[in-house]
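What follows draws every value from the coordinates through simple rules; no lab data is involved. Every value quoted in this text rests on a predicted model; they were computed, and no experiment measured them. Note that we place each Cβ from the backbone using ideal geometry, even for glycine, and neighbour counts take in every protein chain shown.
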């Protein structure tokens, strides 16, 4: 229909159509439900019938706006340092695949719903307050109050990217992942101006941790990343680890490895990157987030409980300041 045709529609008919849309919001949501940008808001309440469980472990959740599958496995790998060098270690791993309908369903939340202070909270409690389908720990940004370029839910929280410490994960308003290496404010602004602004996109979330583990299905040389150069986050030691990744438009994954012995067991960063690439050969970008005793993956463990819990509870877990989560938008 061209503009001339539109002009011929009687005003009364347009008004009637507008009233119909206002009276029937559910019909609009059926095509494209959108969650509010406000970080204090969460997703829609989850439906118990959307869950499938195997014993106490989640298998999947699905409704008209989101589909999430969970896979648990045991991973055996070789230890090469300390008194246990040469021995094998079996750790628990979780692989999560997520498909959402709208970018607003990829969200972040913070302890006590405030960006100020250093208060921490249990990840499951934060996730429950936002009706998360699945949640993971973020980058502990509230404790790095003089570092990083932090955007959450489209709001610029901090611009202290002058020390060139991090490779930045940027998530845009369409839910796509971008890599900004050695991320200073100047480089971030230049990247946005060149790659997002021409498409009418904006920055929705940023994370200051890293490194990037997989790029277009390939594992980079971790030893040459900024994280490694600054000897940050014990990149070459076995550790509990977790990452977020994108495989396609509004399609994502989470990979977590638990070190049963605590913070100092698990995989090295390179081992973890190779494992992620094996599980997600279609990964466009995979990004390492806060590990060690901050590592957590949260979802329902039974329909009866009707709330989020840690999928694998371990000793030494600490409360955190922020989560990344996926939510339902179905009314």
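If you bin all the Cα-Cα distances of the range 263-331 at 5 Å, starting from zero, the percentages per bin are 3, 11, 18, 20, 21, 15, 8, 2, 0. The label-point distance for residue 38 and residue 78, in a model that sets each label 7 Å from Cα toward Cβ, rounds to 5.6 nm. Given in Å, the Rg to one decimal and the Dmax to the nearest whole number for the Cα atoms of the range 44-161 are 18.4, 52. Using the beta-carbon distance between residue 310 and residue 47 and R0 = 22 Å, what value does 1/(1 + (r/R0)^6) give for FRET efficiency, to the nearest 0.05? That gives a FRET efficiency of 0.50.
Computed over the alpha-carbon pairs of the range 91-157, the distance histogram in 10 Å steps reads 16, 47, 31, 6 percent, short to long.
Gain on full extension, evaluated as 0.36 nm per residue between residue 224 and residue 185 minus their Cα-Cα distance, stands at 11.9 nm.
Listing 206, 116 from fewest to most neighbouring C-beta atoms within 10 Å gives 116, 206. When peptides 126-133, 304-311, 98-105 are sorted by average Cβ neighbour count within 10 Å, with the highest value leading, the order is 126-133, 98-105, 304-311. Considering only Cα atoms, the convex hull volume of the range 36-327 works out to 122 Å³ per residue.
Strictly greater than 18 Å: what percent of every Cα pair in the range 85-239 meets that? Of all Cα-Cα pairs in the range 85-239, 65 percent lie more than 18 Å apart.
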